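Take a look at the structure below.
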Amino acid sequence: MGDIAATTGNAAAGRAAGSARGKPRDWKRTVFIALCVLPALGFLAVFMYYPIEETFRISLMHSSGLGGETWAGFDNYVRLFANPEFLAGLLHVFSWAFWSILIQLPLAFLIAFSLTFYVNKTTGPLRVVYYLANILPSAITAMLGKFVFSPNNGILSSIATKLHWTWLSNIDFFGDPKIAFWTVFIVATWTYTGFPIIYLMARIEQIPTEIREAAELDGAVGWRYAWHIVLPLVIYPMQILAVLCTVGSLKLFDLPYMLTTGGPGNATVTLGITLYRQGFINWQYGKAAAIGVVIFLLSLAFTIAQFSWQKREGDSR
Amino acid sequence: MSTTTASRGSGKLPRIRHGIPEVFVTIFLVMLALLIILPLFLPWMFVFKTQLEYAYHPWAIPLKLHFENFTEAWTAVQIGQGLINTLIVCIGAIACSVPASALAGYVFARYRSRATEILFYAVLIGYFVPVQMVLIPLYKMNLKIGLADSLIGLILPMAAFNIPFWTLIYRSFFQSLPGELADAARIDGAGHSGTFFLIMLPLASPATVLSCLLIFIGAWSDYLLSLIMLNNQNLFTMQLRVAQFLNAYGTDRMPRYAAAAIISAAPTVILYILGHRWIIRGTLAGALKE
């Protein structure tokens, strides 16, 4: 939508370019453009494009921290799909995405709708508070998670001991392989749900007030208004959020690593953690690069899906 | 486009009285908000306690305020050094990425041609590259060119990962400025760079403030890239120190650890409280413009 404004706004610049073509003063403009673009492109070339190419190349090599590279073909990839740690990471990434979409997004919609539906004095401060957890450094979030769930002196087990709720004080939130995933997930929900909330709020606020008035005249009030009117109008932003959740799961590293380092066993391993373990603990560069390629291709696939939705949305408008 | 987060004015529509449901929903929302806020107060429960008090009554209200934990954490976790390192990383990341993004965004907005359009998409691709994908080559490259285990070796890739997003933001910001201003300056005889530095860049100061703020918070909070690029204890940033302490002592040394954590979280929380309007708007700007 910005592009139309841009093309009209830049008609003058475009005309200048047209008239300048072939004239001797053209080089000044070209030099200026080149000098302006150079720093950004230089940074990206050295620290992004070249490393991307290298990741693909290294993923096809037997390469370790000791140095030396020998051609491996797709050996690294074949081995990955026989590696229980990698498969656990892949499984967790997708179940993480699945549960994020199923739990965090509806929760965010519920909160965002309530906040925009009942606008009163609390609305502004509440929006600020809901996003607060999102900007905390992940090391702090992990620490708070430990304070709450730590089995020996976390606040939950302390309260449980005081109240003699042995069923609760016996739960090992980080050490039980069945529970650890959910503990990390709860901590992540606490911190990550803020973004979908403010995003959906902004989208819902864009809905014209006439629609709401018309809906109220037709008797669609409260939750019926949310379900039949608002939700269909934000279904496309919800799709974008679902893609962001999935891509975020592919990249997930900080919280599970700091809370459980992927353990116990492989119970909370993510693709990010397997990459780190293979690359910087086992020094298996080839395998780690192959995991990097898998992360990249999967996030690329989901991003392309998002763009095709976006395009369809653009057409339907 | 940029005003989407402005709160809805209640003046247009006569306020609808919702009565009891509104009260219940608001109470529910406030309770959820408490769930977000209360964990933030946990460290304060025992940061003023001695190790012994903590061992016996970890969650009791502190009766006497001991500030030793702050001084001890300062030496044990080397918070001073950590703060200096983190500040260097933040300032370095801002200094490397903001000028580059502003220049590129300006050209992509106001010098549109086939060539700049292609270059713009080349920059935009970077927005979708996950940092995990390039960790191995970045680490190997730093080893090769002697930037391994240095703050510069962390700052440069961090800046590169900030540039695509902020180029995008600067581009749309410069597009939203009236083109006549730049044209007038050009007619008055200002050169290309004169127009940019004297006219357009000052007009883009909202974007500049926003980028500095958000890059600062991002660099301050970074964990993964710092973890890979820094091995030397002296170079550790605050986040690495906090995480390392958590791994080494778990929850046993919490009073001292909480002191370190409070210091390391304070800048982002303070910046957020002061600039939440900007931060939320800036965060949404990337997501809402498509």
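Each value in this text was obtained by applying a stated rule to the coordinates, not by laboratory testing. Since this is a predicted model, take the numbers as computed values, not measurements. Here the Cβ positions follow ideal geometry from the backbone for every residue, glycine too, while neighbour counts run over all protein chains shown.
The simple spin-label model puts a point 7 Å past each Cα toward its Cβ; for A:Trp309 and A:Thr30 those points are separated by 4.4 nm. Taking every residue in B:104-115 and counting other chain Cβ atoms within 10 Å of its Cβ, the average works out to 6.
Which net charge results for the neighbourhood of A:Ala290, defined as the other residues with beta-carbon distances under 14 angstrom from its beta-carbon, given Lys and Arg at +1 and Asp and Glu at -1? Around A:Ala290, the charge tally is 0.
Counting beta carbons within 10 Å around each of B:Thr167, B:Thr116 and listing the fewest first gives the order B:Thr116, B:Thr167. Over segment B:20-68, Cα pairs under 8 Å with separation of 6+ residues give a relative contact order of 32 percent.
In percent, rounded to a whole number, the relative contact order of segment A:77-316 is 28, using alpha-carbon pairs under 8 Å and six or more apart.
Note: segment B:20-68, Cα convex hull, 88 Å³ per residue. Helices in chain A that qualify as membrane-span-like (whole DSSP H runs, Cα extent of at least 15 Å along the helix axis, mean Kyte-Doolittle hydropathy of -0.5 or higher) are A:26-44, A:84-99, A:105-117, A:123-135, A:138-149, A:177-192, A:194-205, A:235-251, A:285-316. Most fluctuating residue of B:Leu181, B:Leu65, B:Leu35 in a GNM of chain B with Cα springs under 10 Å: which is it? Comparing B:Leu181, B:Leu65, B:Leu35 in the GNM, the peak value goes to B:Leu35. Take each residue in B:21-29, count the other chain C-beta atoms within 10 Å of its C-beta, and the mean is 5.
The protection proxy used here, the mean number of other Cβ atoms lying within 10 Å of each residue, ranks peptides B:225-235, A:257-267 as follows, highest first: A:257-267, B:225-235.
Each Lys or Arg adds one and each Asp or Glu subtracts one; over the other residues with Cβ under 14 Å from the Cβ of A:Leu259, this totals -2. For the options B:Ala122, B:Ala243, B:Ala73, a Gaussian network treatment of chain B with springs between C-alpha atoms closer than 10 Å singles out B:Ala122 as fluctuating the most.
Restricting the calculation to alpha carbons of segment B:71-288 gives Rg and Dmax of 20.0, 69 angstrom.
Here the translational diffusion coefficient of the protein assembly as shown follows from Stokes-Einstein with Rh set to the Kirkwood radius across Cα pairs; for 25 °C and 0.890 mPa s it amounts to 94 µm²/s. Based on Cα atoms of chain A, Rg over Rh with Rh as the Kirkwood radius reads 1.07.
From other protein chains only, count the Cβ atoms within 10 Å of every residue's Cβ in B:31-40, then give the mean.
If you average over the peptide's residues, the count of other-chain Cβ atoms is 6.
Here the Gaussian network model covers chain A, with springs between Cα atoms less than 10 Å apart; of A:Phe185, A:Phe307, A:Phe195, A:Phe307 fluctuates the most. Counting other Cβ atoms within 10 Å as a rough exposure proxy, the listed residues B:Met45, B:Met238 run B:Met45, B:Met238 from fewest neighbours to most.
Measuring between alpha carbons in the structure, the pairs from A:Lys251/B:Lys64; A:Lys251/B:Lys144; A:Lys146/B:Lys64 lying more than 32 angstrom apart are A:Lys251/B:Lys64.
Under 5 Å between amide hydrogens, built in the peptide plane, is the criterion, and for A:Ser64 it picks out A:Tyr285 among residues at least 5 positions away or on other chains.
Arrange A:Arg312, B:Arg186, A:Arg277 by Cβ neighbour counts within 10 Å, fewest through most, would you?
A:Arg312, B:Arg186, A:Arg277
Other residues whose C-beta falls under 13 angstrom from the C-beta of A:Ile197 contribute a net charge of +1, scoring Lys and Arg +1 and Asp and Glu -1.
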